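The values are calculated or read from the model by the stated rules, or taken from the named source; none is laboratory data. Model, not experiment: these values are computed from the prediction. A quick note on method: Cβ atoms are made from the backbone with ideal geometry, for glycine too, and the neighbour counts reach across all protein chains shown.
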Amino acid sequence: MAHILVSAAHKSSGKTTVTAGLCAALQLRGLSVQPFKKGPDYIDPMWLSLAAGRNCHNLDFYTMKEQEILAVFSRHAQDAEVSVIEGNKGLYDGLDLEGGNSNAALATLLGAPVVLVIDARGMTRGIAPLILGYQAFDKRVNIAGIILNKIGGSRHEAKLRAIIEHYTDIAVLGAVHFDEKLVIAERHLGLVPSNEAAAARDKMDSLADALEAQVDIDHLLAIAGMAKGPEAMPAPRPTSARPDMRVGIARDSAFGFYYPGDLEALETAGARLVPVNMLQDTNLPDVDALLIGGGFPETHMAALEANISLRTQVQAAIQGGLPAYAECGGLMYLARSMTWKGRRFEMAGAIPGDIVMHDKPQGRGYVQLRETGSSPWPHPEGASETLPAHEFHYSSLENLEGEPIFAYEMLRGAGVDGRHDGLVIGNLLANYAHLRDVEGNRWARRFVAFARECKSPRSAVQTG
């Protein structure tokens with residue numbers, strides 16, 4: 001399986017732009033390209049999925065064991081002609097002293113040659129010790145090529161190429177000149193998602209043209225072909241249950257943070273996913289459960305407030321016992337109101353509290369949850385009660401009325417109040433933490449099973 005891992009010396013080097021451009025350029029050559037993203041992320045994978053024309057899958061040491069990473073990689077890479085893995089942060093950055101969860105560790109696990117993206121702004125001779133240091137730091141890592149990024153012009157490029165050729169033995173695969181048209185806009189949570197960027201397809205075309213012209217794609221493919229593993233691990237898709245549960249899922253420019261594997265797991269468990277545009281649909285479809293994932297509701301507050309009909313129906317459905325699950329942006333939408341930059345807008349009101357946006361993150365990074373026993377769809381008895389997850393939110397839930405019931409204690413992370421997450425209101429579970437359907441936490445099947453239980457005649461008699 002031909003594959004490479006694209007990393008960088010440090011974050012914000014432009015590796016997502018380069019990786020997306022590579023995927024788009026490879027696809028335009030007629031190749032089937034499978035993208036992957038290291039770590040917990042929604043936005044970069046959305047751009048990579050658009051670029052490659054295939055769903056991008058996340059590989060994350062925190063929520064997945066090594067064997068599951070290998071299995072997921074093998075399953076999705078085995079029918080592609082080339083796979084491109086985008087790292088997160090810098091090549092050797094990680095949570096522990098030994099770098100056990102770094103990009104370098106992932107490259108070693110997958111036998112992936114590394115293409116190092118270097119933000120070359122303001123650099124000349126200093127690039128040589130940087131490269132030499134990265135090569136020497138861990139001899140197990142095969143840094144097979146360099147892509148110079150944000151080059152200032154042809155003279156700058158020529159100097160850098162001459163320096164690298166003189167002092168190192170590494171191949172310069174390309175030099176991408178700075179061009180404002182190639183920049184993907186950023187805001188407080190990172191890049192603007194592709195589901196919000198009106199000209200996302202045009203951006204991909206521009207990136208493909210730039211990378212095809214400025215990077216030696218043939219050399220890059222030759223490097224990918226030298227990958228030394230892992231061996232193919234055929235993983236048959238699990239047999240899907242008959243789709244007997246209609247699960248509404250918020251899908252629009254305000255809500256789009258879903259892992260493809262989680263959506264597949266919901267369908268495997270028997271869910272028929274029914275898209276709901278929270279901005280434009282005036283009626284809630286006939287559904288057995290509702291899922292509202294993360295996103296950027298704060299940038300769509302006016303439109304969400306204006307859709308009074310849907311807000312009212314969502315509130316009534318949840319208060320009437322509709323099973324619902326909301327993560328981060330979904331929690332924000334279900335609150336009573338949302339305030340940002342001095343402007344306040346009404347939201348669905350299923351949660352008796354108010355959302356306030358802040359200038360700095362209120363919760364960011366990996367979290368560890370411990371179940372309290374109050375979750376509507378808890379772990380099976382005997383299973384681990386601690387769950388790895390992640391959060392990234394600039395908002396807080398304030399003025400929460402009553403004595404709230406929480407599904408989780410926070411062993412690590414911020415959650416709703418610094419000590420708890422997973423607000424339980426009737427059949428609603430709403431948390432800031434983003435769960436992932438992996439071997440240690442098959443949340444999708446539990447959620448669908450709970451919806452099925454709520455729909456059953458026996459349950460209706462009991463609750464009636």
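Being part of a loop (DSSP other than H, G, I, E, B) and small (Gly, Ala, Ser) is the filter; apply it to the stretch 76-91 and report the residue that is farthest from Thr16 (Cα to Cα).
Of the residues in the stretch 76-91, the ones part of a loop (DSSP other than H, G, I, E, B) are 78-81, 87-91.
Of the ones still in play, those that are also small (Gly, Ala, Ser) are 80, 87, 90.
Details: Ala80: 20, Gly87: 9, Gly90: 12 Å.
The qualifying residue farthest from Thr16 (Cα to Cα) is Ala80.
Please state which one of Leu31, Leu5 is surrounded by fewer than 22 Cβ atoms within 10 Å (Cβ to Cβ), at pLDDT 95 or above and over 16 Å from the mean Cα position of the chain (by Cα).
On the way: Leu5 fails: surrounded by fewer than 22 Cβ atoms within 10 Å (Cβ to Cβ).
Matching residue, one of Leu31, Leu5: Leu31.
If you check every pair at least six apart or on different chains, which have Cβ atoms under 6 Å apart with a residue in the stretch 379-408 that is in contact (Cβ under 8 Å) with a residue 24 or more places away in the chain and more than 13 Å from Glu327 (Cβ to Cβ) first and a residue that is among the small types (Gly, Ala, Ser) and assigned to a loop (DSSP other than H, G, I, E, B) second?
Within 6 Å, the pairs are Ile405/Ser374.
Which residues, taken from the stretch 167-222, are among the polar types (S, T, N, Q) and either in a helix (DSSP H, G or I) or modelled with pLDDT of 95 or more (or both)? Quick ask: steps written out before the conclusion?
If we filter the stretch 167-222 for residues that are among the polar types (S, T, N, Q), which is where we start, we get 168, 194-195, 206, 214.
Within the stretch 167-222, Thr168, Ser206, Gln214 meet the criteria.
For the stretch 263-278, check the following and say yes or no: at least one residue is free of Cβ contacts under 8 Å to residues at least 60 places away in the same chain, surrounded by 24 or more Cβ atoms within 10 Å (Cβ to Cβ) and closer than 27 Å to Ile405 by Cα.
Yes, the stretch 263-278 contains a residue that is free of Cβ contacts under 8 Å to residues at least 60 places away in the same chain, surrounded by 24 or more Cβ atoms within 10 Å (Cβ to Cβ) and closer than 27 Å to Ile405 by Cα.
If you go through the stretch 359-383 one residue at a time, how many are surrounded by fewer than 15 Cβ atoms within 10 Å (Cβ to Cβ), in a loop (DSSP other than H, G, I, E, B) and under 24 Å from the mean Cα position of the chain (by Cα)?
Residues that pass the stated criteria total 2.
Please enumerate the residues belonging to the stretch 59-75 that are in contact with a helix residue (DSSP H, G or I) (Cβ under 9 Å, 6 or more places away or on another chain) and either part of a helix (DSSP H, G or I) or modelled with pLDDT under 90 (or both).
Kept after step one, since they are in contact with a helix residue (DSSP H, G or I) (Cβ under 9 Å, 6 or more places away or on another chain), are these residues of the stretch 59-75: 59-61, 64, 66, 69-70, 72-73.
Listed by number, the residues that qualify are Glu66, Ile69, Leu70, Val72, Phe73.
Within the stretch 89-134, track down each residue that is under 29 Å from the mean Cα position of the chain (by Cα) and among the polar types (S, T, N, Q).
Hits for the stretch 89-134 are Asn101, Ser102, Asn103, Thr108.
Kindly check whether there is at least one residue in the stretch 409-429 that is at negative phi and either modelled with pLDDT under 95 or among the aromatic types (Phe, Trp, Tyr) (or both). First the steps, then the outcome.
The initial filter retains those residues of the stretch 409-429 that are at negative phi, namely 409-412, 414, 416-417, 419-421, 423-425, 427-429.
Then drop every residue that is not either modelled with pLDDT under 95 or among the aromatic types (Phe, Trp, Tyr) (or both), which leaves none.
Checking the stretch 409-429: not a single residue is at negative phi and either modelled with pLDDT under 95 or among the aromatic types (Phe, Trp, Tyr) (or both).
Using the structure shown, decide if His156 is assigned by TED's automatic domain parsing to the domain that holds Pro40, surrounded by 20 or more Cβ atoms within 10 Å (Cβ to Cβ) and in contact (Cβ under 8 Å) with a residue 12 or more places away in the chain. Quick ask: steps written out before the conclusion?
Values: assigned by TED's automatic domain parsing to the domain that holds Pro40: yes; surrounded by 20 or more Cβ atoms within 10 Å (Cβ to Cβ): yes; in contact (Cβ under 8 Å) with a residue 12 or more places away in the chain: yes.
Yes; evaluated as a whole, the condition is true for this residue.
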